[in-house]
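Working notes for the structure below.
No value in this document is a laboratory result; all are computed from the given coordinates. The structure displayed is predicted, hence computed values, not measured ones. So basically every Cβ, Gly included, is an ideal-geometry build from the backbone, and we count neighbours across all protein chains shown.
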Amino acid sequence: MIASAQLLTVPEVMDRLKISRSAVYDLIRTRQLASLTLGSARRIPTHALDHLIHTRLEQEAA
């Protein structure tokens, strides 16, 4: 378990990546971006967002 993980809302991820709400949910749906549900709220751990970015950078460099 990652005790220091911070959780982001979908709008926060939208703002950080400069993408639409549907694009964020597409990333979640296709399991490219890990998330969890707390009640009815979707949250994305910051480490999951970092992982997505690093993975995409590696793919672009290949």
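Over the chain, what is the mean sequence separation of C-alpha contacts under 8 Å (at least six apart), divided by residue count, expressed as relative contact order in percent? This gives 35 percent for the chain. Counting only Cβ charges, +1 for Lys and Arg and -1 for Asp and Glu, the dipole size of segment 7-61 around its Cα centre is about 220 debye.
Cβ-to-Cβ counts within 10 Å put ILE44, ILE19, ILE28 in ascending order as ILE19, ILE28, ILE44, the fewest first.
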